[in-house]
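The values are calculated or read from the model by the stated rules, or taken from the named source; none is laboratory data. This one's a predicted model, so the numbers in the text were calculated from it and none came from an experiment. Every residue, glycine as well, gets a Cβ built from its backbone with ideal geometry; the counts of neighbours run over all protein chains shown. These accessible areas exclude ligands, DNA and RNA; they are computed on the full protein's heavy atoms, side chains included. Shrake-Rupley method; radii C 1.70, N 1.55, O 1.52, S 1.80 Å.
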Amino acid sequence: LKSVPAVTGLGSPGQGGFGSADGSGANAPTIHGLGASASNSTLILIDGHRLPLTGINHTVGDPNLVPSIAVERVEVLPDGASSIYGSDAVAGVINFITLRRYDGIKVQGQVGFADNYRTYSGSALWGTSWDSGSVLVAYSHSSRSRLPGDSRSFAVADHRAQGGTNFASFQCGPATFQPAGSSNIYVHPYNGAPLSNNQNNAMCDSAQNTDLLPREQRDSVFARVEQGFGDRLSAVADIAYSSRRNNQHTTRGGVNATVFGPGSGKGGQINPFFVVPDGTTATSGTVRFNGDELLGPGAYTDSGARTFMANLDLGYEFSDRLNLTIGGTLGSDDSRQQLVGRLCSSCVYLALNGTTNGSGNLTTPSVPGTSTVVLNLPLDASNALDVFRPQGGNLTSAAVRAMLTDSTQTATAHQTIVDGRIKLDGSLFDLPGGALRFAVGGEFIRYTLHQDITRPNNTGPATTGSSTLNLDYDRNVQSAYAELLIPVVGPEMGVPMVERFDVNLSGRYDHYSDFGSTTNPKVAVDWTIVHGLKLRGNYAESFVAPALTSIGSGGGITGESGYSQFGQGIINI
């Protein structure tokens, strides 16, 4: 697909959530760069039928469900196809065609090497056929190593040596300190000149603690059975299963907060470890803290998905000119993402200034929209965070260190698809330019998505204060379509400058259970002047249906809403 100019998104690695921007690690190719995450403007098909959608917050089709050894070819229609396939084909269609028959055994493997990176993959295919049918089974396994962030020079923050900018931050370990009322920023042990408050002098880069690419393992299985019953009836059944697992090292993260010292008049909010640089008399200041040095490595994101699909198509030939196809697809996907070991921001604030907010305000609610205020007072050596001394002499207690990473966030999603379809196609009669072909059909699709999201609610450690969000989405789509191919001029007619001239008329009606109906027509012409030279043109109308998660469940709340963690179902664990 990388050789097809219209297909974008494949310059990104197919590893982790880079292809679709979904945290579960799905990878979906797109046409013309339209959609890719929420709008689903490129329709992904396998052997002409839809596949289960995947993702935690997004609903995208990941064709890696099928082992590549079982794929015969890929057909790309880089043109609006809503008049046949519906709103999810505004940008076009990518159809992965699997092998129909195979006799024998085929095994292949691949090993890839790069600096600090390795890939391994292996696959096997077995098949046999007989006069009236065939069966084949394919399996693939791939393993890709993680790619550390500091192993590539372009990933580091400071690019001044190349004439660029330093994108590093002032969030350091143990921390940087800016005295109140001053623009100077100091780095412990405070025995040097202060950093100016300028980004080009920023010095802290967490690239060494973050993977550019996660470790990934994927297993996929595909099986197909094809059987004919007499001269007219045939059946094709296939099943597919895929499991993907990703694990990515991440930075502990950082925060900015106000810290109070002796003389500030803040009583129990005074941090017992407060230290100021020589020559300054500040009694408070801004601390910019990153947890990587104090807590060491250990933060990671674990994600993945399990996808299953079963499909059955029955075909009946009434005659050489008329065919009936009835088919159905059932599928499900379970996607997940878990963030472990990152800084619990409210925990850091509680241990720095005794409140759950960075400013140290004693009356700011811990949970927006409520009057709840969580405090950790008075601060002393047992419950405070020392951000002033490096790891070797840091005075933070073991209990506080454990609290700082009590921040686990979990998101899971269960999606299903039920797709029933019927199509009657063939040729009506012959014109001078060829056979007049037609297709009419109908389709019923039901999508469901259930999300469970658990994350800290800004009252401290996740184990004592988390919120859970449970959302259910569903959509039914009823559709009917018709297409007519009119061969106006054919090669046998001998018309000068017109080897072939075809007109294509099509239209589709869709009724969505959640927001209404749409009708999309299309008129297209193909003019082959001479062999190898063709002009194409069309007029089409399209409609992009809102993604399932864009509409939301329960007053517009979605899994990505900034306020959703406080909107429904708060549970203090």
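So, residue 226, is that one assigned to a strand (DSSP E or B), touching a residue at least 60 places away in the same chain (Cβ under 8 Å) and either more than 30 Å from residue 54 (Cβ to Cβ) or within 24 Å of the chain's Cα centre (by Cα) (or both) or not?
On the way: assigned to a strand (DSSP E or B): yes; touching a residue at least 60 places away in the same chain (Cβ under 8 Å): yes; either more than 30 Å from residue 54 (Cβ to Cβ) or within 24 Å of the chain's Cα centre (by Cα) (or both): no.
Criteria not met by residue 226.
For beta carbons closer than 6 Å, sequence separation of 6+ or different chains, a first residue in region 122-136 that is within 16 Å of residue 66 (Cα to Cα) and a second that is among the β-branched types (Val, Ile, Thr) and not in a strand (DSSP E or B), the qualifying pairs are 123/69; 125/69. Quick one: in region 445-467, which of the residues that are open to solvent by less than 20 Å² (accessible area, probe 1.4 Å) and assigned to a strand (DSSP E or B) is farthest from residue 340 (Cα to Cα)? Per the stated criteria, the residue is 445.
For region 389-420, taking the residues that are in contact with a Pro (Cβ under 8 Å, 6 or more places away or on another chain) and closer than 21 Å to residue 357 by Cβ, the one that is least open to solvent (accessible area, probe 1.4 Å) is identified as 407. Report, by residue number, each residue of region 80-92 that is of a type in the set (A, V, I, L, M, F, W, C) and either open to solvent by less than 10 Å² (accessible area, probe 1.4 Å) or more than 12 Å from residue 42 (Cβ to Cβ) (or both). Listed by number, the residues that qualify are 81, 84, 89, 91. Per the listing 95, 116, the residue uniquely farther than 19 Å from residue 241 by Cβ, touching a strand residue (DSSP E or B) at 6+ places or on another chain (Cβ under 7 Å), surrounded by 17 or more Cβ atoms within 10 Å (Cβ to Cβ) and among the polar types (S, T, N, Q) is 95.
Restricting 298, 253 to those that are buried (at least 16 other Cβ atoms within 10 Å of the Cβ) and on the phi > 0 side of the Ramachandran plot reduces the list to 253.
Across region 516-569, what is the total count of residues that are of a type in the set (Phe, Trp, Tyr), under 32 Å from the mean Cα position of the chain (by Cα) and either modelled with pLDDT of 90 or more or more than 29 Å from residue 80 (Cα to Cα) (or both)?
Taking region 516-569 and keeping what is of a type in the set (Phe, Trp, Tyr), we get 527, 539, 543, 563, 566.
Subset that is under 32 Å from the mean Cα position of the chain (by Cα): 543, 563, 566.
The next check asks that each one be either modelled with pLDDT of 90 or more or more than 29 Å from residue 80 (Cα to Cα) (or both); those that pass are 563, 566.
So the count comes out to 2.
For first residues located in region 92-118 and assigned to a strand (DSSP E or B), partners that are aromatic (Phe, Trp, Tyr) and open to solvent by 60 Å² or more (accessible area, probe 1.4 Å) and lie 6+ apart or on another chain with Cβ distances below 8 Å form the pairs 93/85; 104/126; 105/126; 106/126; 109/120; 110/120; 111/120; 112/120.
If you go through region 292-331 and keep only what is touching a Lys or Arg at 6+ places or on another chain (Cβ under 6 Å), assigned to a loop (DSSP other than H, G, I, E, B) and modelled with pLDDT under 95, you end up with nothing.
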